[in-house]
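**Student:** One structure is given below, represented as structure tokens, and several questions about it will come after.
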Amino acid sequence: MAARLLLRLLCLHGYGQNAERFRGRTGALRKALRGSAQLLYLDAPHRLPPAEGEPEREGGAGPRGWWPESAARPELGVTLRAVAAALAELGPVDGLLGFSQGAALAGLLCALRERGDGRFPFRFALLVAGFLVAEAAEAAAGALRVPSLHVFGEADRVIPAAESRALAERFAHPALLAHAGGHFIPAAATQRAAYLGFLRPAEVGRPGSHSVFQPDPARRGW
């Protein structure tokens, strides 16, 4: 019997994090997805100053962002090239896992994929505490057909649940997973079941399938 292939997810961290720190904060998620998915972590290209009271770190371990929070209309060329290069180098990559600003970026990448941008050949996206950026709305007209799971905390004070719902509304068939907590990636038994249920059609369809997952409309928030 052939060995089971793991789904490969490119992980896009939140603002002020980096690949190493995000990997550390997703240990429970990696455990929940063990045997189903391999998580690949990418540093955002923009270095940020350390938070007040934190020492300056050498190398790439400091805080990073996909774009500066202060930018009303961020220049995203550097970021898009970095993600495209990672997908080409690490490929094949099946899906994206984005958190906070990384989820907002993943939403934009879904819009660019919808428009036919061949640099971004992933098949689905898992968006945690995401929000909609204007560039995503402008990149593609109409509902995005990329299969997506949107995870958000009802008590999130960093990215309110309403903003994550607004991002989900850009998609044709979004699956929603609400939890009672705040700004983090939940990985308890309930969420684990939802993640695996979302990923299972991608496992069956691999390789090369672009099927749209159909969440049960009667199960709002799973």
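**Student:** Which of the peptides 12-18, 193-199 is most tightly packed, and how do the rest follow, going by the mean number of other Cβ atoms within 10 Å of each residue?
**Tutor:** In descending order of packing, they fall as 12-18, 193-199.
**Student:** Please identify every one of the GluC sites (Glu not before Pro) in the stretch 123-169 that sits in a loop by DSSP and has no more than 15 other beta carbons within 10 Å of its own beta carbon.
**Tutor:** Here the sparse-neighbourhood loop sites are E154, E169.
**Student:** Could you list which residues have their amide H under 5 Å from that of L176, counting only those 5 or more apart in sequence or on another chain, with H placed in the peptide plane?
**Tutor:** Here the answer is H150, G221, W222, since their amide H atoms fall under 5 Å of that of L176.
No value in this document is a laboratory result; all are computed from the given coordinates. Note that the coordinates shown come from a computational prediction; the quantities given were computed from them, not determined experimentally. In this analysis, Cβ positions are derived from the backbone assuming ideal geometry, glycine residues included, and neighbour counts consider all displayed protein chains.
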